[in-house]
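One structure below.
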Amino acid sequence: MIDPAEILGRLTAVDPGISQEAYYGERSLFYNPGRARPLGVIFASIKDRDGPNDKAANLSRPGVYRFAFGVTRETYAAIFGAVPARPPKGEAVALRGHDLTAIDELTPHPVYAWMSWVQILSPTQARFESLQPLLDEALELARTRWRRGLTRIVR
């Protein structure tokens, strides 16, 4: 298993616009060049415990953490099929056919799959390396969303 701190360190080193923030009990990475906004656009996160509305991955097991990030809707659909509907507030996404507790396996995010987010629990070094194309896409997606937000602020 790759250490969560190594993941965070490697990803923040990719671009000076990426910063780590504590966010809803998670260690989250935001794209926010020059810290122009209060947080910026979330890019990835690491969570190591279950929350009130987020127990599907069973993060309470010793040594288990979730590494999560967003991908495009097209990539999500190519890997998992159609993006699921947004769940009612406070509920998990309705997902079938995925073991959301599996270690070192890419699966839909139990709460944010409707936003094309994916998760991997306690990835190995090799699995983390294999995710690089998806992580590049996730960062580009965050950059694009950040630029769109900046355009709205300037107008």
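Is it true that ALA68 is out of contact with any helix residue (DSSP H, G or I) (no Cβ under 7 Å at 6 or more places or on another chain), without any contact (Cβ under 8 Å) to a residue 12 or more places away in the chain and assigned to a strand (DSSP E or B)? No, not satisfied.
Sort out which residues of segment 71-90 are assigned to a loop (DSSP other than H, G, I, E, B) and either touching a residue at least 12 places away in the same chain (Cβ under 8 Å) or in contact with a strand residue (DSSP E or B) (Cβ under 7 Å, 6 or more places away or on another chain) (or both), and write them in order of number. If you could, list the steps in order and put the result at the bottom.
Going residue by residue through segment 71-90, those that are assigned to a loop (DSSP other than H, G, I, E, B) are 71-72, 81-90.
Selection gives VAL71, THR72, VAL83, PRO84, ALA85, ARG86, PRO87, GLY90.
Pairing each residue of segment 107-130 that is of a type outside the set (S, T, N, Q) with any residue that is surrounded by fewer than 17 Cβ atoms within 10 Å (Cβ to Cβ) and assigned to a strand (DSSP E or B), provided the two are 6+ apart or on different chains, yields C-beta distances under 6 Å for LEU121/ILE103. Of everything in segment 32-52 that is in contact with a strand residue (DSSP E or B) (Cβ under 7 Å, 6 or more places away or on another chain) and within 19 Å of GLN119 (Cβ to Cβ), the residue that is surrounded by the most Cβ atoms within 10 Å (Cβ to Cβ) is PHE43. Against the test of being more than 17 Å from ILE7 (Cβ to Cβ), small (Gly, Ala, Ser) and either touching a Gly at 6+ places or on another chain (Cβ under 7 Å) or surrounded by 13 or more Cβ atoms within 10 Å (Cβ to Cβ) (or both), the options ALA68, ALA92 yield a single qualifying residue, ALA92.
Scanning segment 103-112 turns up no residue that is part of a helix (DSSP H, G or I) and under 27 Å from VAL14 (Cα atoms). When segment 9-50 is limited to residues that are farther than 18 Å from ASP136 by Cβ, among the basic types (Lys, Arg) and not in a loop (DSSP other than H, G, I, E, B), the one that is modelled with the lowest pLDDT turns out to be ARG35.
The values are calculated or read from the model by the stated rules, or taken from the named source; none is laboratory data. Note that the structure is predicted; figures quoted are calculated from it, not measured. Quick reminder, even Gly has a Cβ in these numbers, built from the backbone with ideal geometry, and neighbours come from all protein chains shown.
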